[in-house]
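Quick one: the structure is below, questions incoming.
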Amino acid sequence: MGWAVVAALLLLHLAASGTAASVGRDRDVPAQSQLWALRHSDTAKRRQDDSLSSSRLLRSVDPQTSTQSLHTTSAADPRQDGLLRQPRQPLMDLPQQIATIATDDPMGASKRRRARQGRPQAELIGSQLETLRKERFGTSTVVNEDDEDDYYDDDVEVPPEKVKQMALDQATHAHLDQVAKDAEAVASTASGPQLKVCILTADFWGMKAAGGTATAYHLLAGVLGGSKDFKVTFLGASNKFAICNEAKPVNSKHNVDFTCLEPRHFEPEVVETFPYERLSHAVLAWLQENPQRCDVLHGHEWGGAFVDVITAVHFRQLRPGMRVAVEPHGGHFWSTQGQVQRPMDVVSLRIDNAERMANQLNDIEISPTNYMTAFLRQRGWKLPRDTITIPNVIPEVEPAALKMMGQEKEVWRVAFFSRLEERKGIKLFTEAVANLNVSGLPRFEVFFVGSEAKIDMRPSSVWLKETTSKWPWKTNLRVGATRDEALDILSSDGVLLVLCSLIDNMPYVVAEAAVKGIPFLVFDVGGTLEMFNGKAHPQNVVLEPSLEALTAKLSEVLHQGKIRSVKLNDAVTNGRQLWLQWHADFAKKFQSLVAEDEQLLAQVAKPPAEAAQLNIIRLNGSHNALELWEPLCKDHPATDNRPLLLLPPEYEFLDPKKGPTELWKIATIAAQRNNVGALTFGAQLPSGKHSFPTSPTWMMYGGDDVHCVENAPVLIDRLGFCKAFLAEARVFRHYTTWVLAMLLHQQDMQLHTYPQAMFKVLNFTSQGYSCMPDKVPVDRALTFPVASNLYRDAEELLRNLHLAPFSKPMVSLIDDFPVQQKHKGWQFGYLTSNTSDEISYLKWHHADTGLVRDGKWSCGSTTFDYPSMHHSLLHPCANAGGGCCNSSAYAPFVLRYESFFHSRQALLVLAYEVWPTCGDGLDFIVRLTPAGSKKKTQVLLKRGYEPDANGQPNRQKIEWRLHIRTGDVIDFIVDPRTNHDCDGLYIVDVSIWTDAAVVSSQR
């Protein structure tokens, strides 16, 4: 910020002074009343100006500079004829004289000078102001308020001329005071530039399900906001605007500016192909509005919520010097370890790819544990060169707490503390406790402390009461306890905390327990043993995360009757100092980063002639691979290395004049950054929405079930294209975007989505099922010979052979989707009454498109269309007029599976969605009927759904572990009640894994 800003502020004050001084002569009121009103209104205005002046100064930051700065001119500058070298002016020119105090170089030649020069300059301003005040009033201070009250005595007659002079004096005093305050405010930050830090998170305190990520960033913001060296902006990334705004009070402490997204950031609407896609574009829109707020950004990779911001910064598209630091929290695939059903559906793969690219393209990876870095690298993910480990900030440790760590304590109680759900080890804990032999213990007690969840489809509190009802010892359930209440319980005498989570990164509960001197047992999982020395505390560690190991360790500790609490490693207790030091180091090198980016951007400042920018290849609908490859790679002149734009026929530039130049700039920067193999871009659809092709399908989706474009525009280096797209191999006969992406991967390169719509779609094709973004396009199936030709080595082949039995279940409705009754055990029909289990079978009807997914199961009548199943949508029927199949008035839909195998530990997984917007609601029932007439039918699930015209889709995923025998029948029944109207239920999938897959996943 230059002195010109201060000058402008001074002139605003002086203009206000002139207005105030004119009150006495412009209004026909008694002089005393004029003066009284002037004094009090001026006092109020001063208070208001006090609060506004600093914000005016801070807002007046040059967007091209990296920090707020106060510029001065050097003694050698011939233009320095303003403030400090200026001869004193007559008192009658006081406004002009005050204005010259803040005179700066009008051309901004000192733009790059640093704010450290501001302190002496501000002190000189203060000195000059005091001199002016003495010359004007004979004193350098304003009378205090008591003196003012005596001076403005209503009983004293004051001449009008004196009133005017007093008003001018008072206003001048007030504005001289304000200028001094403004100068001091500038000087307070002028000792060094503040580093501007932006924290971006989709998980923050104030959200209902806020977790460990929210705590990590809340504490980091507090630490940085407490330092005068940093200016912190905290963005709550959410489209729940009301919830975000309600969260401001709890997140705005310690000088942290908590802000939220607004509806305009979500415009234009983006076709969402995975849950965080629109949010990612909205965050980028916010940052494009507010680049001056951020020198460095912090954000998580989780969900790919910030992959667009990370991509834009990677290609240096926002402002010079800006960098992104990602703090990895594992990602969705990591979080499902130990589960049979890993996230391998198309939507989960999109999320996983976005998380991978967020880790790969950021500037600095700051992992809380070495474990997480190792896990990501073991997956084969590329991380930035600047990858370090700094533990998450934990609550400040008091000296007294340090003394409590490592002390020996008696234990006779055990406590489970976490969310009361399976993935946190609740079943493992209860089974281990149940297996304990406590007959030799003088006393024993159990606590369950945590928030309500679901266990086996029932509320965890209900499940726990039933499971523990016959335990002979005292059992305490503290469901829904606040964190403070929970810590009070855990701090009670004799409590041994048992942490059974099978997957963790840097669990905060370990730090909280250690700081409070609470002894605990914990599995050796994730980065837990990076928080304390496991070798120094062997009693506290269960090395093998299994039921047997936990039971043995619990028995050992309880019979000993005592155990030490752990002492946290210094890196954990000193985490806040490490974070402050990292930011201080970043601030020191920030200007060199600015210079580095400006040098890079200078390379694209003057683009070549349009013909020399891009080689635009107009593709046809089914471009022959060899015909595309040979002119570019075999017969191409070696001197022509223009970037290639592979443009399918459905697209044209949004801006034909500027578009090619923008792509040339991006390609030039990409060549310097050298982190991706090729880029694809978004497009504006005929509807006005924007759509972006993403991995793994790389299609341009229209936002409905039938409109999409198979291929997407691709910007790629010619040599990279020729290296990857080896058409001479004749494995792929035609060019498609998804094939190019796969072949790039063969050469350790990636196709990546650039977050800008550069094109528009001319027309859409209607391709039915292929256009559903959560499905694999039906015509994408690789033949076995083609797929096997892509194996790179024996190890990869062997790994895939190991995965083959488990990556797919034994049974899957969606994968199998039979068009014949009883194929692979599936049957489709309806019940003729609510008292009968007899099923009437439906018939399969092929669609005109020829696509299986466009066909439907129905009774085949042109008069009665319901019940039916179309696009996995189950429609029952209920009509008092007999409008259902066979003229019946009531026909619940039945999806039946009859088992053809035997499995003692089978896993049944049901995922479904209900959206009852009309009719009178429905009931959904799942029941198991064992083979043999003497065995009772077991109801696995029964749920009712009421109609709600304004409701949202209700998607559920439920798992059962069952003993399934050959001939067992599982029915999925959609009961329509009285009037089905448009009620229905969408089956996402029904799948069953057998014993081998279940057991292997638990090892």
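The values are calculated or read from the model by the stated rules, or taken from the named source; none is laboratory data. The shown structure was predicted, so the numbers you read here are calculated from the model rather than taken from an experiment. Because the Cβ atoms are built from the backbone with ideal geometry, glycine has one as well, and the counts that use them run over all protein chains shown. Surface areas here come from the heavy atoms of the whole protein model, side chains and all, with no ligands, DNA or RNA. Shrake-Rupley method; radii C 1.70, N 1.55, O 1.52, S 1.80 Å.
Between 306, 391, 320, whose Cα lies farthest towards the positive end of the dipole of the range 301-397 when Lys and Arg beta carbons carry +1 and Asp and Glu beta carbons carry -1, centred on the Cα centre?
320
To the nearest 0.05, what FRET efficiency results for residue 473 and residue 549 with a Förster distance of 22 Å applied to their C-beta separation? All intermediate terms of the calculation are to be shown ahead of the outcome.
Values: r = 22 Å, r/R0 = 1.01.
It comes out at approximately 0.50.
Take every Cα pair under 8 Å in the range 404-474 that's 6+ residues apart, average their separations, divide by the length, and report that relative contact order as a whole percent. Before the final figure, lay out each step's value.
On the way: 61 pairs, mean separation 27.0, N = 71.
Computed over the range 404-474, the figure is 38 percent.
Follow-up question, since we're still on this one. Can you give me the Cα centroid spacing of the range 711-756 and the range 914-988 in angstrom?
Cα centroid of the range 711-756 versus Cα centroid of the range 914-988: 45 Å apart.
Just to confirm a number: summing +1 for Lys and Arg and -1 for Asp and Glu over residues other than residue 661 whose beta-carbon lies under 11 angstrom from that of residue 661, what do you get? The partial results should precede the final answer.
Numbers: positive: 606, 657, 658, 665; negative: 610, 655, 662.
Surrounding charge for residue 661 is +1.
Quick one: accessible surface of residue 228, probe radius 1.4 Å, all protein chains present, in square angstrom to the nearest 10.
Near enough 150 Å² of accessible area.
Give me the extension gain from residue 746 to residue 419: residue separation times 0.36 nm, minus the current Cα-Cα distance, reported in nm with one decimal.
113.5 nm
Moving to a separate point now. Quick check: net charge around residue 728, other residues with Cβ under 11 Å of its Cβ, Lys/Arg +1 and Asp/Glu -1? Before the final figure, lay out the partial values.
Numbers: positive: 634, 730; negative: 630.
Once positives and negatives cancel, what remains is +1.
Take residue 672, project a point 7 Å from its Cα along the Cβ direction, then tell me which residues of the range 582-598 have their backbone nitrogen under 18 Å from it.
Under 18 Å, as judged by backbone N against the label point of residue 672, lie 590-598 of the range 582-598.
Which lysines does residue 760 reach when only Cα atoms under 19 Å apart count, and residues fewer than 8 places away in its own chain are ignored?
Filter leaves 657, 658, 689.
Residues with beta-carbon under 13 Å from that of residue 563, excluding residue 563: net charge, scoring Lys, Arg +1 and Asp, Glu -1? Let's see the in-between values first.
Working: positive: 409, 413, 553, 562, 564; negative: 408, 410, 556.
Around residue 563, the surrounding residues sum to +2.
What dipole magnitude, in Debye to the nearest 20, does the range 404-467 give about its Cα centre under +1 on Lys/Arg Cβ and -1 on Asp/Glu Cβ? It would help to have the intermediate numbers written out before the result.
Details: 10 positive and 9 negative charges, 25 e Å.
Dipole magnitude for the range 404-467 comes out near 120 debye.
For Cα pairs less than 8 Å apart in space and 6+ apart in sequence, what is the mean separation divided by the residue count of the range 692-826, i.e. the relative contact order in percent? Could the numbers behind the result be given before it?
Values: 109 pairs, mean separation 34.4, N = 135.
The normalised contact order for the range 692-826 reaches 26 percent.
To continue, here is another question. With label points built 7 Å along Cα→Cβ from the Cα atoms of residue 936 and residue 408, find their separation and express it in nm.
With each label point 7 Å from Cα toward Cβ, the separation is 5.4 nm.
Continuing with the same structure: Report the accessible area of residue 733, computed with a 1.4 Å probe over the heavy atoms of all protein chains in place, in Å² rounded to the nearest 10.
140
Residue 634 to residue 252: extension gain in nm, 0.36 nm per residue of separation minus the Cα-Cα distance? Present the calculation step by step, with values, prior to reporting the outcome.
On the way: separation 382, 0.36 × 382 = 137.52 nm, distance 6.13 nm.
Gain on stretching residue 634 to residue 252: 131.4 nm.
Let me ask another. Work out, step by step, the length gained on full extension between residue 379 and residue 264: first 0.36 nm times the residue separation, then minus their alpha carbon distance; give nm to one decimal.
Full-extension gain reported as 37.6 nm.
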